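Beneath this line is the structure, given in structure tokens, with notes to follow.
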Amino acid sequence: MAKRSDVAVIAHERKVLGGGLDELRKLLTDEIHDELIWYQVPKSKKAPKKIRKALDQGAKRIFVWGGDGMVQRAVDTLAGTGATLSILPAGTANLFATNLGIPEDLAEAVRIGLHGTERKLDLGRINGEHFAVMAGAGFDGHLISEADRGAKDQMGKLAYVWTGLRHIQDDPAPTKITVDGNTWFEGEASCVLFGNVSTITGGIKAFDDAKPDDGWLEVGVATSQNAIEWARTLGRMALGRSDRSPFVQITRAKRIEVKFAEPTLYELDGGDRSTVRKLKAKVVPGAITVRVP
């Protein structure tokens with residue numbers, strides 16, 4: 001009877017990288033001769049159940065094949081378990097993998113997943129759910145919600161640009177932001193962002209000083225209200241420091257609370273969620289162990 005390995009693969013079966021899941025199995029079994037724990041799911045929201053099942057079967061090293069949505073479901077499930085996450089970036093943006101230096105090269109990603117450095121990283125937690133990269137509300141929530149799977153499959157990262165152009169004229173909403181118990185912002189905001197790493201949706205470096213192991217969350221608010229102001233804001237993000245834009249304020253905190261005057265869409269790690277009037281976010285230091293280069 002074959003001995004079961006402590007390595008599990010949780011794969012989004014609609015995502016593609018390199019030679020696909022057959023190549024992944026070959027690369028892993030070239031080095032791991034015990035029986036792999038292997039689950040495939042049709043959508044990321046079904047991943048947590050399979051991850052928990054893998055942990056119950058003794059998995060200690062979890063390879064996750066998919067995009068940022070799959071990775072977010074994985075970190076939310078694995079936070080605090082002590083299991084090690086290995087990322088196989090098979091999505092559209094692959095933001096967490098990009099920030100960590102994990103390439104969209106299957107053989108190299110597998111090598112890192114098996115032999116890379118184990119690094120303890122922070123996670124954010126917003127309204128009860130963990131995220132690895134970022135969360136956002138307002139303009140950002142619409143950006144993610146409407147750049148649907150079909151558009152992302154056909155246009156890739158341009159889907160975010162196309163969607164963003166449709167919302168640059170949206171009216172900002174009265175917003176109050178409290179950081180670590182103190183009122184930090186009160187006024188009209190078009191977008192509120194929480195960041196655990198520097199580079200966010202569309203490859204924009206929104207939080208220049210963010211590090212995923214510094215014990216802080218970055219929080220930013222944008223007050224841009226029209227196409228010209230958004231062009232200036234995004235141009236500053238692309239060519240300089242985000243916090244030097246006159247339409248952006250950035251700070252860092254352990255705990256953040258945001259109150260909106262009206263129901264507002266929010267997202268985390270590229271996955272859209274519902275509309276809310278309140279967001280509560282905090283940093284969870286050292287919550288996940290990830291294999292990195």
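The values are calculated or read from the model by the stated rules, or taken from the named source; none is laboratory data. As the structure is a computational prediction, the values presented were derived from the model and not from experiment. Reconstructed Cβ throughout: ideal geometry from the backbone, glycine too, with neighbour counts over all protein chains shown.
Checked across region 78-92, the condition of being more than 19 Å from the chain's Cα centre (by Cα), buried (at least 24 other Cβ atoms within 10 Å of the Cβ) and not hydroxyl-bearing (Ser, Thr, Tyr) holds for no residue. Just one of the numbered conditions (1) surrounded by 17 or more Cβ atoms within 10 Å (Cβ to Cβ); (2) modelled with pLDDT under 85; (3) part of a loop (DSSP other than H, G, I, E, B) is not true of ILE144: (3).
On inspection, LYS45 fails the criterion of being among the charged types (D, E, K, R), over 22 Å from the mean Cα position of the chain (by Cα) and outside any loop (DSSP other than H, G, I, E, B). As for region 93-108, it holds no residue that is hydrophobic (A, V, I, L, M, F, W, C), buried (at least 24 other Cβ atoms within 10 Å of the Cβ) and in a strand (DSSP E or B). For region 158-207, name all the residues that are farther than 23 Å from GLN72 by Cβ, modelled with pLDDT of 80 or more and touching a helix residue (DSSP H, G or I) at 6+ places or on another chain (Cβ under 6 Å). Matches in region 158-207: SER190 only.
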